[in-house]
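The values are calculated or read from the model by the stated rules, or taken from the named source; none is laboratory data. Here the structure is a predicted model, which means the values were calculated and not measured. Virtual Cβ from ideal backbone geometry, glycine too; neighbours counted across all protein chains shown.
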Amino acid sequence: ENREAMLNSKSNRLTEALEEANRLFDGVCRAREAALDAQFLVIASNIGKEKANELHSEMSAFDSTAFAEDLLTFMGINRTEVEDSDDSEDVPGGFLPSDAWQTMGKEASKYFRRAPTLHYMMGSFRSEPPVPKQRIERQKKASRGKAERAMPAQLKKMEESHQEATEKEVERILRILQTHFENDPNTPISFFDFVIDPNSFARTVENVFHVSFLIRDGLAKIKLDEDDLPIIEPIKPSEGGEEDSRAGARNQVVISLDQKQWK
Amino acid sequence: QVNELVMFLLVKDQKKIPIKRADMLKYVIREHRDAYAEIVDQAGRTLQQVFGLQLVEIDTKRHLYILINNLPRAEGEHLCRGKEKEKMGLLLIILSFIFMKGNSVKDSEFSPKPPRTPLFHAPRSLTPPFPGALWEFLHLLRIHPGRQHRVFGDVRKLVTEEFVQQKYLEVTPIPLTDPPESKYQWGPRAEKETTKMDVLKFVAKLQGKDPTFWASQHAEAAAEA
């Protein structure tokens, strides 16, 4: 009790209390009383230490209430509305926006030299990760753990099919070409109409790339029509044999297309 | 070996709990114990040169290490995830409060019992709410130790456990106090990751004043540099 009163640098209460304890000790004849006295000594010495500390740290007055007000302002408090939830008791009215602490945190991170943390993008491949990593993974929140467990499965699939991905694309394009021809066998498609994606230059380039495989493998051919514009049509399987024997008739063509032309 | 240690340290640092040398020896260095010092040295250099991170021993007795960022602070977005950012906000406020109040703040997390029979009339400023109290201050920011916070959840746990484990804060219980009180100070990680001057500048910026407004704090901060 009265701890704060004793700490007041202007008060001599600690000295008085010590003197009184000394006097009382003379009358002590039971062990219990001595124990109380010992307890008192511990408390008194702690208080003494704190008083000594306070003598050294004579900090310039710091108004923490004003600081709190300024912090709330910084976080975007809206003081015009008054909360009537039980939150506001003896705290001045005002409504803290939901991103208040995000705002605070963004400012705060400028003052710390905190090392950014490393996180694997794809999670661990190995079925038996080294022990330290396993310990850490157990500590991670459940949701994150699940996401990482899902990732290795996905990644394995991708790895196997990496070679096949291009093949699949090529097949897909061939099927599109064939379907179109089935529907309308006598109208070859303009090459450019076929490959150009009006929304994506990258996609266009990819399409040209895949079509080149079709040509190479003899599954489609490009001819020039009356206007000297390239058209593309699939080659029927029966013609395949002939094509092979006329290998010399194959040409290499380099098409260049940059973004401006594409536009 | 060095690279393994580097990866180990980077992954271990995710939780920001200081890394024990014993763990490094047990999981990475193992049989190469004799070369321990050399391996740690090299790892430190790699971390610095490749990642701009500094490996710092914050406890030479118990051999605890942390990683801090050695790159000059860049303006703009920082690589902190959402939740981390908010915690750093709270932490900075607490560190500022502690520093401005003289590097050490006492508080009880429980409300003090009313004095039984005052033997003399205590001056107003010494009756509760205590002017130095941390939780009293946080109360002004809508943070209460007993209640779940919308953003921080169990704030008492965050401050007295998480921040303490990460060595951002040091909370020492004061013996034989009733209700039980603790002393709150900066932890060794806080001392490495920020400076008194930075914190003073933060306070000054918030309050629209010059850092020299608080003469003794400013002198102390300047002396630290």
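The criterion of at least 2 residues that are free of Cβ contacts under 8 Å to residues at least 12 places away in the same chain is met by the following helices (runs of 4 or more DSSP H) wholly inside the stretch B:1-63: B:2-12, B:36-46. Within the stretch A:187-216, being over 15 Å from A:VAL253 (Cα atoms) and free of Cβ contacts under 8 Å to residues at least 24 places away in the same chain holds for A:THR187, A:ASP193, A:VAL195, A:ASP197, A:PRO198, A:ASN199, A:SER200, A:ALA202, A:ARG203. Within the stretch B:145-155, being surrounded by fewer than 17 Cβ atoms within 10 Å (Cβ to Cβ) and either outside any strand (DSSP E or B) or touching a residue at least 60 places away in the same chain (Cβ under 8 Å) (or both) holds for B:GLY146, B:ARG147, B:ARG150. Please name all residue pairs, on different chains or six or more residues apart, with Cβ atoms under 9 Å, provided the first residue is in the stretch B:198-225 and is under 15 Å from A:TYR111 (Cα atoms) and at the interface with another protein chain (Cβ under 7 Å from one of its Cβ atoms) and the second residue is part of a helix (DSSP H, G or I) and basic (Lys, Arg). Note: pairs meeting the criteria are B:ASP198/A:LYS110; B:PHE202/A:LYS110.
Mind checking whether some residue in the stretch A:48-66 is more than 21 Å from B:ALA133 (Cβ to Cβ), among the aliphatic types (A, V, I, L, M), modelled with pLDDT of 80 or more and assigned to a helix (DSSP H, G or I)? No, that holds for no residue. In the stretch B:56-74, is there at least one residue being more than 23 Å from the chain's Cα centre (by Cα), within 11 Å of chain A (Cβ to nearest Cβ) and either modelled with pLDDT under 90 or surrounded by fewer than 21 Cβ atoms within 10 Å (Cβ to Cβ) (or both)? Within the stretch B:56-74, none of the residues are more than 23 Å from the chain's Cα centre (by Cα), within 11 Å of chain A (Cβ to nearest Cβ) and either modelled with pLDDT under 90 or surrounded by fewer than 21 Cβ atoms within 10 Å (Cβ to Cβ) (or both).
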